[in-house]
1. Every residue in the stretch 24-36 that is out of contact with any helix residue (DSSP H, G or I) (no Cβ under 8 Å at 6 or more places or on another chain) and either among the β-branched types (Val, Ile, Thr) or assigned to a helix (DSSP H, G or I) (or both), please.
2. Can you list residue pairs whose Cβ atoms sit under 6 Å apart, with the first residue in the stretch 59-79 being farther than 22 Å from GLY108 by Cβ and the second being open to solvent by 20 Å² or more (accessible area, probe 1.4 Å) and modelled with pLDDT of 95 or more? Count only pairs 6 or more apart in sequence or on different chains.
3. Go through ARG61, ARG52, ARG24 for me and flag whichever is more than 14 Å from the chain's Cα centre (by Cα) and under 21 Å from ALA113 (Cβ atoms).
4. Quick check on PHE124: is it among the aromatic types (Phe, Trp, Tyr), closer than 21 Å to LYS8 by Cβ, open to solvent by 20 Å² or more (accessible area, probe 1.4 Å) and outside any strand (DSSP E or B)?
5. Hey, among LYS22, LYS8, which residue is farther than 20 Å from PRO77 by Cα and not aliphatic (A, V, I, L, M)?
6. Using the structure shown, decide if ILE14 is part of a strand (DSSP E or B) and either modelled with pLDDT of 95 or more or exposed (fewer than 15 other Cβ atoms within 10 Å of the Cβ) (or both).
7. Modelled with pLDDT under 95, surrounded by fewer than 17 Cβ atoms within 10 Å (Cβ to Cβ) and in a loop (DSSP other than H, G, I, E, B): does that describe ALA117?
8. Out of the stretch 60-93, which residues are open to solvent by 40 Å² or more (accessible area, probe 1.4 Å) and either of a type in the set (A, V, I, L, M) or under 17 Å from ARG18 (Cβ atoms) (or both)?
Amino acid sequence: MSSASMVKAVVVIIDIDRFEEKTRMLGLDPYKPNRFTALLTSLIEEFAVSRRATVVYGLDRERGTEEALVEIPLTDPEEVEGDLIRIAREMCEAGAPVTVVAIESLMGPGKPADRRAAYSGSPFRRRARRILEKLKKRGGGVVYVNGRIVWRCMGSE
């Protein structure tokens, strides 16, 4: 893919913290929409439509959304900060804190075939994924925008 076909963008990853542990503890089916994954599905859909974003991976109405990878062309991370905090706040209030990472990116055409291709498809996505994993190891429940934590779910420590 030539750099001429790439545009400035934001890559966003949203992931429910300790999802397996939470579904097991509450006796929820991880393969059907539950109150957490159904809420995240609707929040991601609303966000994607309002921002004209491409959901690269993760949006799943059949099973519910546990994680999502979204790219928004011609946008700076700071422009979506308020939306991401609102999503994180709603998930936190519902009892399912999420970790959200939004960084500057370049975006090209096309959609990846599977999860591995989605996350490894660009150096920006790989970097966002590494940041997400570090934040989750520290407890998660945060919104990270371009190098700084801009919001934290109180009680998710």
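1. Looking only at the stretch 24-36, we keep the residues that are out of contact with any helix residue (DSSP H, G or I) (no Cβ under 8 Å at 6 or more places or on another chain), and these are 24-27, 31-32, 35.
The answer is ARG24, MET25, LEU26, ARG35.
2. GLY64/ALA38
3. On the way: ARG52 fails: under 21 Å from ALA113 (Cβ atoms); ARG24 fails: under 21 Å from ALA113 (Cβ atoms).
When all the criteria are applied, what remains is ARG61.
4. Values: among the aromatic types (Phe, Trp, Tyr): yes; closer than 21 Å to LYS8 by Cβ: yes; open to solvent by 20 Å² or more (accessible area, probe 1.4 Å): yes; outside any strand (DSSP E or B): yes.
When the stated conditions are applied, PHE124 passes them.
5. Working: LYS8 fails: farther than 20 Å from PRO77 by Cα.
The match here is LYS22.
6. Values: part of a strand (DSSP E or B): yes; either modelled with pLDDT of 95 or more or exposed (fewer than 15 other Cβ atoms within 10 Å of the Cβ) (or both): yes.
Taking the combined requirement at face value, the residue satisfies it.
7. On the way: modelled with pLDDT under 95: yes; surrounded by fewer than 17 Cβ atoms within 10 Å (Cβ to Cβ): yes; in a loop (DSSP other than H, G, I, E, B): no.
Answer is no for this residue.
8. GLU66, LEU74, GLU93
The values are calculated or read from the model by the stated rules, or taken from the named source; none is laboratory data. None of the values given here were measured: they were computed from a predicted structure. Neighbour counts run over all protein chains shown; Cβ positions are idealised from the backbone, glycine included. All accessible areas refer to the heavy atoms of the entire protein, side chains included, with ligands and DNA or RNA removed. Shrake-Rupley method; radii C 1.70, N 1.55, O 1.52, S 1.80 Å.
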